[in-house]
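Take a look at the structure below.
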C-alpha cells in the first residue's frame, strides 16, 4: 500500500509548477549548448578527478567540448553509483530520449550529437523550462551585475555578497564596487552608502534576496564604527590586514548588509559552513570542503538583532541539520532552506526532510533549490527531492499520523512552492 | 507481516503501567484546569510565536485562558505538521472525544468547553493517570521546595540543582538556601553542610534523583578548596565574579553535589547541552537553544571520580547520541536517559533508540520520560515513543535477529519501566 | 518483493571469498583455542563490566579460561540486545552447531566443551577460514615485529605506527626501535633512516599498508627540521617534553611516515578520533572513547602534500561520516574505509553505507574490515555488514534507481573485495 500511496502523492507533486529559489544560472545563457555544459558541472569533473582523471586532462586550455565529454565518459563507470550520475542519466533520458543504462565509450558520441542538435534549436531554453515545469529561477548575481538584458520576472536577481564581506581587502573588489556604484569608498559613510546603492540597484531590478556563503569559523557580530574606521583606513591605503582586522571588517560589511536587508525588506540567504580552496589542486569549483565544528549559536547576535529580516538558512554539514531545525523552531526569522551540496544526496535529505517536517512550522520551510549552473539540472534534482518528500509524506503523515492524502499533498506543495512565494514576496 | 507484528508488540507495550522518570509536574496542581494549561505549554507558544504570533498576544498580562487558546488556535494550522501538534490532537481525542482532524476557529470553543467541564471534575487527575496508565511521576523540585502537601509515593521528588551550580552568585539563591536550610553560608564548610542538608531533606521526603541541566561549555572537574575559598569569599561579599571565577565556583558546587549523590545513593541526572536565553525576545521557556560542539569527554573526570554514582545522561543534541551510546557502553555508571527536547521527535528518536538498543547493555537504558508540565502530556508523548520502540523491536530484533515476540516485548518493557525501578531504587 | 530481492543479492555477496583489510590477528595463533579467546574479546569484557561485572573478576590473574567464560556468561543476559552478542551467537551457531537462543548458565558448559574439542583439531584454523570464505587477512604489526614464521601471503603484514608517533618519548619505544633496526637514533637523519629501514623490512615481507590510530586533537602538519632538532635532542637526553614539544615531535614522525609511504608506495590507513585511557578503571582495551569535535580539515595539509599516497580513512565517530564522504568525493587520495568500533553497529552502518554508496566513486570505498583479534569473528561481522549492504543495494539501487540485480551485486562485490585488491596492490 505504501508504495502506491507514495506514487499517488508523487504524481500530484510532479504536477506542480516550480520556482527554483537558488541557482547559479547565467540568464544570458541559461540552457546548455552541448553535453559538455552538463558534464562540465563541477559535480562530474571533481568526481572524475577524484576517481583518477588528471586535472590537466579536464581543464586543458582550448579543449574541444566533445573531446572533454569523451574524456569524462571514460571515468563515468567509476562514478555510476553516485546520485550525481543518476541525475545525468535522468537528464539524458528525459531530454534526449537516451535509453541505455549507462553512458559508455560505445554510446556517448551519438548521445552528444543528439543533445547538441536539440540544444541548438532556438526553443531549447523554453522546452527545458516547460518540460521541467519550471516557472521562475533565482539567480546568484555578482554585486556589480548590471542586471540588464534578461527577463527579471523569469530569472530573479539575487544579490550575492561573498566578495563584499570576505574579499573587500582585494583592490579589484573595491574597483568593481566603485565602477558599479559610480562613487568611491573613502570612509565608513561612503562604504555604507555604496552598499546601500547596490540594494537600490538590485531591488529596482526585481531582486528578491540577498545571499552569502560563509566559512565555519565566521561569527557575525556588530562592530563599533570606532573599531572599523582604522581598519578601513588601512585597507584603503592598500595596507595588509591581520586576520583579526580582516575579520572585523568582514563583520562590519556583513552587519551592514543585514541592515540594508531590513531596510529593503529582502530575505538574507545564509549558506553556512564552507571552507574555500581546501584542495588547491582540485578542479574548478571542486576545491571546497568543510569543518563540521560550526554552530548556529555563532548567529545568535544576528538573529536577535534583525527580527524583521527573514534568514533562509542552508547548512553544508548534515550534522548541522538538527541545529537548523531547532533554531527555525524557536526564531521567527529563521527558515530552513533546501539541502545544500554535500548534504544533497538521498541518505542525508531523508533524515533532514523528515525532521524539518516534524518540528518546524510548515510555513517556514523552503523544501528545495537546484543550485544549478545550467537549466537542465533542475529536472533531476527536484525529481530526487520530490521522491523523498513523497515517501516522507506517505509514511510519516498519511500512514503514521492518519492524514488524508490531500492534506499531505498540500503540505508537500507548500514546502515545494507556496513558501517560496511568501518568503521571497513573489 | 512487519505491520501486524509491530501492532502486536505495541499492544503489549501499551498495556504496561508506566513510571515517568522526569517531569516538571506541580504536584499541587498536576492536571490541567483548562485547555490553556495544555496549549500554554512552551512547545505550542514558542511554535506559534515562531510562526508569527507576537509574544505580546501570547503573554498579555491578565489574559483570559479561553482568549489565549483562541489566539493560539489561529496559528495551529501553520504548525499542523509538527509532532507537537500531533500530541495535542491525540490528547484531545483520548481525553475529550475530539473527532475532527484539526483544531480550528470553528471547533475550538466547543472543545475548550468540553475540556473545561471534564477537567473540573474532582476525579480528573485520577482519570488522567489511569487513562494514561501512569503510576508514578518524578518531579523537578527547586532545592528549597518543602516537599509537603502531596503524596511523594506518587509524585516522586527530585532535587534540581541548576540554581545552586549556576546561580549561586545571585543573592536570592543564597537567601533561598539560607531559608531552606536554616543556616547561612559563611565559608566552604558551611556551604558544604548547607548542600548536605538539602540532600538530607530531599531523601527524607522520598527523593530518588538529583538533577541538573548544563550548558555545552561546562566541564565538571574537581576544584581545590584553596582555589574556591577566595572566590566564595568574594561572592559572600557581594562582589562581582569574573567568568573564570564563576566557573570555578560552579565546578565546586557541582562536584559537591556529586559527592552527596554518592553519600546519599542518589542517581545524578545530567541533562547536557542547553544554552539559556539565546533568543531573549522569545516566549516564556521558548528562549533556549544549543551549541552542538559539546563532548562527553568533558565529563571524563566526573565519571571516573564517582564510580558509585549512577549518571542517567540526557543529551540535547542528536549528534551527541553516539557519544552517549559509547560512554554508556564503556562506563558502568553512565546510563542513557530518554529523548530530550529538541531530540524528542520521531526522526531523531528512531536512530537514537535503535543505536542504544544495539549497543548499550539493556539494563542501562531508560527509554523515555515525558518532561511534561501537565499530566495530560504523558499519554501522547509516551505513545509516540512506544510506537517507535515497537517498530524497532519488530524490525531489528524479531525480523533481523530472529527473536521471539515475547523476548522483544520483555526488552521493551525493561527499557520502558523495569530499568526505571532498578536505576532509581523504587 | 524487496525482501526476496535482498535475499537474492545477499546470497551472491555471501558466495564471495573475502580479503579482510584490517585485523589484529596474531598469525602465530590466529584461531581461538577455547571460548575464552572469543568471549575475552574486549567487546564482551567491557560490556559485561559496564553491566556490573567487576574488573577484578574478569581479569583475575591466573584465571582458568573456562571459569572466565562462566563468569562472563552470568552477565550475558544483560547484554543480549547488543549487536556484539548477536555476533557471539552467530559464531556459536555456525562453528559449534549451537541451537539455543541464548548462552546461559544452563548450557554454556556443553558449548564450551564442544568448542574446545573443535578448536583442538589441527585443521581448525583452516576450517574457520574456509567456513568464513576468508582468503587473506591483514594484520596489525608492531614496528619491531620480525614478520617471520607465518605465511605473509595469507596473513598480510601492516606496519602499525602509533608507538612511533605518540610514544617515541618513552625510552622503551626507542630501545625497541634500536633493536629492530640495529642502529641507534642520535639525531634527525638517523631517526629518518631508522624509520626508513622499518619500511624496507616491512615491504620486503609483503606489507601492504602502514596504519595508525589518531586522537581527535591531532593535526598532522609538516614541521621544519629546525623546530624538531632541539626537541629530539631533549628526548634523546631523556628530558621531559612539554605537550607542545611532544606534539611537534609527533607531527614530525607522522610526516616522515607519510614520506616513506610515498617512497614505498604503501597506503597509509588513518584511524581517526580515538582518545586512549578515558576510563582508566576499565578492562583491558575497554578504556578508550572519543571526542566527536574532530574534523578532517585537520588533515588538509597532509592530503594536499601527498597526492601520491592513498589514505584509507576510518572515522570513529558516526558524526564524522559525512566529512569522510565529502573528503573522499573531492580528494583523489582519500578512500572510505570500513565501519570502525563505536560506529560498527547496524544503525550507524546503514546510514554510513548508504551515503558512501551515493556520493563516493565506487572504486574508492573499502566496504568493511573485521578489526578482529581472533579468526572466528570475521564470519559474524562481515555477515552483519553484508546484510546491510544487500538491503542498501536492493532499496537504493535496484528499486529506487532501476538497476539490474547483477549490476547491484557487482557494486557490492567491488566494495567488499575488488577495491581491497586494487587499493592495497594485492
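Please enumerate the residues belonging to region C:329-349 that are more than 9 Å from every other protein chain (Cβ to nearest Cβ) and assigned to a helix (DSSP H, G or I).
C:349
Filter region C:291-306 for residues that are touching a strand residue (DSSP E or B) at 6+ places or on another chain (Cβ under 7 Å) and more than 9 Å from chain B (Cβ to nearest Cβ); which is farthest from residue B:219 (Cα to Cα)?
Looking at the filtered set, the residue picked out is C:303.
Quick test of your reading of the structure: residue C:189 fulfils all but one of (1) in a loop (DSSP other than H, G, I, E, B); (2) free of Cβ contacts under 8 Å to residues at least 24 places away in the same chain. Name the failing condition by number.
Answer for residue C:189: the failing condition is (1).
Could you tell me whether residue A:18 is more than 30 Å from residue A:396 (Cα to Cα) and crowded, with 21+ Cβ neighbours inside 10 Å? Step through it out loud before you land on a result.
Values: more than 30 Å from residue A:396 (Cα to Cα): no; crowded, with 21+ Cβ neighbours inside 10 Å: yes.
Judged against the criteria, residue A:18 is not a match.
Within the set of pairs 6+ apart or on separate chains, which have a first residue in region C:212-241 that is within 18 Å of residue C:165 (Cβ to Cβ), a second that is part of a loop (DSSP other than H, G, I, E, B), and C-beta atoms under 6 Å apart?
C:212/C:161; C:216/C:273; C:216/C:291; C:216/C:294; C:235/C:169; C:241/C:169
Would you pick out the residues in region A:348-372 that are touching a helix residue (DSSP H, G or I) at 6+ places or on another chain (Cβ under 8 Å) and closer than 26 Å to residue A:284 by Cα?
A:348, A:349, A:368, A:370, A:371, A:372, listed by residue number.
Which of the residues that make up region A:105-121 are closer than 17 Å to residue A:78 by Cα and in contact with a helix residue (DSSP H, G or I) (Cβ under 7 Å, 6 or more places away or on another chain)?
Taking region A:105-121 and keeping what is closer than 17 Å to residue A:78 by Cα, we get A:105-108.
Of everything in region A:105-121, those that are closer than 17 Å to residue A:78 by Cα and in contact with a helix residue (DSSP H, G or I) (Cβ under 7 Å, 6 or more places away or on another chain) turn out to be A:105, A:108.
Name the single residue that is nearest to residue A:319 (Cα to Cα) among those in region A:277-290 being touching a strand residue (DSSP E or B) at 6+ places or on another chain (Cβ under 6 Å) and assigned to a loop (DSSP other than H, G, I, E, B). Lay out the reasoning, then the answer.
Just the residues of region A:277-290 that are touching a strand residue (DSSP E or B) at 6+ places or on another chain (Cβ under 6 Å), to begin with: A:278, A:288-290.
Restricting the remaining residues to those that are assigned to a loop (DSSP other than H, G, I, E, B) gives A:278, A:288.
On the way: A:278: 20, A:288: 18 Å.
Only one residue fits best here, namely A:288.
Can you find a residue in region B:333-346 that is over 20 Å from residue B:213 (Cβ atoms), in contact with a helix residue (DSSP H, G or I) (Cβ under 6 Å, 6 or more places away or on another chain) and surrounded by 24 or more Cβ atoms within 10 Å (Cβ to Cβ)?
no
Yes or no: residue B:385 outside any helix (DSSP H, G or I), in contact with a helix residue (DSSP H, G or I) (Cβ under 7 Å, 6 or more places away or on another chain), away from chain C (no Cβ under 11 Å) and crowded, with 21+ Cβ neighbours inside 10 Å?
Working: outside any helix (DSSP H, G or I): no; in contact with a helix residue (DSSP H, G or I) (Cβ under 7 Å, 6 or more places away or on another chain): yes; away from chain C (no Cβ under 11 Å): yes; crowded, with 21+ Cβ neighbours inside 10 Å: yes.
Criteria not met by residue B:385.
In contact (Cβ under 8 Å) with a residue 40 or more places away in the chain and either surrounded by fewer than 23 Cβ atoms within 10 Å (Cβ to Cβ) or more than 7 Å from every other protein chain (Cβ to nearest Cβ) (or both) - does that describe any residue in region B:318-327?
Yes - at least one qualifying residue is present in region B:318-327.
Provide a single number: the residues in region C:266-276 that are part of a loop (DSSP other than H, G, I, E, B) and more than 14 Å from chain B (Cβ to nearest Cβ).
2
So that you can scan it fast, the table gives a plain yes or no per residue for (1) over 23 Å from residue B:77 (Cα atoms); (2) part of a strand (DSSP E or B); (3) in contact with a strand residue (DSSP E or B) (Cβ under 7 Å, 6 or more places away or on another chain); (4) not assigned by TED's automatic domain parsing to the domain that holds residue A:95:
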site: A:326; (1), (2), (3), (4): no, no, yes, yes
site: A:372; (1), (2), (3), (4): yes, no, no, yes
site: A:407; (1), (2), (3), (4): no, no, no, yes
site: A:410; (1), (2), (3), (4): no, no, no, yes
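Is there a residue being in contact with a strand residue (DSSP E or B) (Cβ under 8 Å, 6 or more places away or on another chain), farther than 28 Å from residue A:318 by Cβ and buried (at least 22 other Cβ atoms within 10 Å of the Cβ) anywhere in region B:352-369? Break it down stepwise before answering.
We begin by selecting, within region B:352-369, every residue in contact with a strand residue (DSSP E or B) (Cβ under 8 Å, 6 or more places away or on another chain); these are B:356-357, B:360, B:364-366, B:369.
Adding the requirement that they be farther than 28 Å from residue A:318 by Cβ leaves B:364.
Add one more test, that the residue is buried (at least 22 other Cβ atoms within 10 Å of the Cβ), and what stays is B:364.
Yes: one or more hits.
Restricting to region B:74-96, count the residues that are over 26 Å from residue B:127 (Cα atoms) and touching a residue at least 24 places away in the same chain (Cβ under 8 Å). Walk me through how you get there before you give the answer.
Step one: of region B:74-96, the residues over 26 Å from residue B:127 (Cα atoms) are B:74-82.
Remaining after also requiring touching a residue at least 24 places away in the same chain (Cβ under 8 Å): B:74-79, B:82.
Going through region B:74-96 one residue at a time, the tally reaches 7.
If a residue has to be part of a loop (DSSP other than H, G, I, E, B) and within 30 Å of residue C:407 (Cβ to Cβ) to count, how many in region C:10-46 make the cut?
The total comes to 5.
The values are calculated or read from the model by the stated rules, or taken from the named source; none is laboratory data. Keep in mind the model is a prediction, meaning the values are calculated, not measured. Cβ atoms come from the backbone with ideal geometry, glycine included; neighbour counts cover every protein chain shown.
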